[in-house]
Amino acid sequence: MKAKILQVLRQNRQGYVSGQELCRQLGVSRTAIWKYIKQLKDAGYMIEGVQNKGYCLIAAPDILSESEIVSQLHTKWLGNSVKYFEELDSTNTEAKRIAETSDWTQWHGMVVVTDKQTAGRGRRGRDWDSPQGSGLFFSILLKPEIAPSNAAMVTLVKAMAAVKGIAEVTGLQPQIKWPNDIVLNGKKIVGILTEMSAQVDYVNHIVVGTGINVHQTEFPDEIAQTATSLDLEVGKEGRNLQIFRAELLAAVLKYFENYYEIYLQSQDLSALMEEYNHLLANRGRGVRVLDPLGEYQGVALGIDKRGELLVEREYEIVKVSSGEVSVRGIYGYID
């Protein structure tokens, strides 16, 4: 109910909504409306109430509650169920627990969100620093009717959505470091971890986890030179912008839903390949491919419709699969 009240108030940010109108739209009593408004005020929302005019949302805190998240969503099916936790070991781990213990019709499109992870993970088992109140940590739980061999491309779809969502909310212009990192000014700002449970020819579920550095001002020594945050990058531009994590989440989910539906039509990236390559930080740059069979250097040309990175190496073009190798810039994280 609080989410619905926030949605109505946000739709009328330039004016007041009468208590009677809230009662009509939400089907509850004036007393109930007053109680919910009081709970929202106690949570940090600035809501002005004026007799004979109604209520107006003046300002909102940067909090990640289920009500706040739901009130910001503009999706058709993604996020129809939102599970918020103040603290989790990992949103991916929790999403997998839900998938393994519930009917998939109840969780397809579910979004699991937390304010703090105690055991966040990145690609290849690396730790992901997830301090309280500083970042946006969430996982999407999906039940697609696709071949398991096509699942890896969902990571690239998610990367595109993260870039577009961040750009919309902050005005920043991040890029994708193939296959699953988002970078700003050569430093990592987003990590994506996709995990799948599948049979030989059947996908049980896919979990797409995302961590976005939002408010961090410092990082552990081991990543201090390669990581940044949205606040830090906005500050470098001299702008005074308050970033609301629920608004950012809603923007990323909106773009993911759109890109994901396009991807499902062909189960490849043929319709998204051109846009992805436009966002690709590696494109046209020298890269070092860390292949278990032998390290080599080349120039990244972009991706093909399968999401493989095309690398020009001497007299041949090699297709690099994200599940097999890592790619680094020759002179640094990107280049």
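The values are calculated or read from the model by the stated rules, or taken from the named source; none is laboratory data. Just so we're clear, the structure is a prediction, and the values are computed from it rather than from any experiment. Neighbour counts run over all protein chains shown; Cβ positions are idealised from the backbone, glycine included.
Go through the residues of the range 166-175 one by one and say whether even a single one is surrounded by fewer than 24 Cβ atoms within 10 Å (Cβ to Cβ) and part of a strand (DSSP E or B). Yes: the range 166-175 contains one or more residues that are surrounded by fewer than 24 Cβ atoms within 10 Å (Cβ to Cβ) and part of a strand (DSSP E or B).
When the range 278-297 is filtered for residues that are modelled with pLDDT under 90 and part of a strand (DSSP E or B), the ones remaining, listed by number, are Gly286, Val287, Arg288, Val289, Leu290, Tyr296, Gln297. Reported count of residues in the range 25-38, each being surrounded by 14 or more Cβ atoms within 10 Å (Cβ to Cβ) and not in a helix (DSSP H, G or I), is 1. Can we say Gln11 is in the same structural domain as Asn258 (by TED's automatic domain parsing), of a type in the set (S, T, N, Q), within 27 Å of the chain's Cα centre (by Cα) and at negative phi? No, not satisfied.
Screening the candidates Lys96, Lys41, Lys4 for the property of being under 23 Å from Phe244 (Cβ atoms), touching a Ser or Thr at 6+ places or on another chain (Cβ under 9 Å) and part of a helix (DSSP H, G or I) yields one hit, Lys4. Is it true that Lys35 is among the charged types (D, E, K, R) and more than 30 Å from Asn258 (Cα to Cα)? Yes. Inspect all residues belonging to the range 283-290 and state whether any of them is surrounded by 13 or more Cβ atoms within 10 Å (Cβ to Cβ) and touching a Pro at 6+ places or on another chain (Cβ under 7 Å). Within the range 283-290 (the criterion being surrounded by 13 or more Cβ atoms within 10 Å (Cβ to Cβ) and touching a Pro at 6+ places or on another chain (Cβ under 7 Å)), the answer is no, since none of the residues qualifies. Criterion applied to Ser149, Ser139, Ser197, Ser130 was being at pLDDT below 95, in a strand (DSSP E or B) and either among the hydroxyl-bearing types (Ser, Thr, Tyr) or touching a Pro at 6+ places or on another chain (Cβ under 6 Å) (or both), and the one residue passing it is Ser197. Of the residues making up the range 152-165, those that are in a helix (DSSP H, G or I) and not charged (D, E, K, R) are Met153, Val154, Thr155, Leu156, Val157, Ala159, Met160, Ala161, Ala162, Val163, Gly165.
The residue that is farthest from Gln242 (Cα to Cα), among those in the range 99-127 that are at pLDDT below 90 and crowded, with 19+ Cβ neighbours inside 10 Å, is Arg121.
Tyr84 - would you say it is under 26 Å from the mean Cα position of the chain (by Cα) and not assigned by TED's automatic domain parsing to the domain that holds Lys254? Judged against the criteria, Tyr84 is not a match. Selection of the range 235-289 for residues being farther than 28 Å from His215 by Cα, touching a helix residue (DSSP H, G or I) at 6+ places or on another chain (Cβ under 9 Å) and of a type in the set (Lys, Arg) yields only Arg283. The set of residues in the range 15-24 that are assigned to a helix (DSSP H, G or I) and surrounded by 14 or more Cβ atoms within 10 Å (Cβ to Cβ) comprises Gly19, Glu21, Leu22, Cys23. Scanning the range 191-240 for residues that are hydrophobic (A, V, I, L, M, F, W, C) and exposed (fewer than 14 other Cβ atoms within 10 Å of the Cβ) yields Val200, Ala224. Could you please find all residues in the range 230-257 being out of contact with any Lys or Arg (no Cβ under 9 Å at 6 or more places or on another chain), of a type outside the set (A, V, I, L, M, F, W, C) and under 30 Å from Gln7 (Cβ atoms)? Scanning the range 230-257 gives Asp231, Arg239, Asn240, Gln242, Arg245, Glu247. Kindly evaluate Gln106 against the criterion of being free of Cβ contacts under 8 Å to residues at least 40 places away in the same chain and in the same structural domain as Val203 (by TED's automatic domain parsing). So Gln106 fits the description; yes. Report whether or not Arg30 is closer than 23 Å to Val169 by Cβ and not assigned by TED's automatic domain parsing to the domain that holds His215. Criteria not met by Arg30. Taking the residues in the range 233-261 that are among the hydrophobic types (A, V, I, L, M, F, W, C) and in contact with a strand residue (DSSP E or B) (Cβ under 8 Å, 6 or more places away or on another chain) as candidates, determine which candidate is nearest to Met110 (Cα to Cα). Only one residue fits best here, namely Leu253. Which pairs have Cβ atoms under 7 Å, sit 6 or more apart or on different chains, and link a residue in the range 208-229 that is without any contact (Cβ under 8 Å) to a residue 40 or more places away in the chain to one that is charged (D, E, K, R)? Note: pairs meeting the criteria are Thr217/Asp231.
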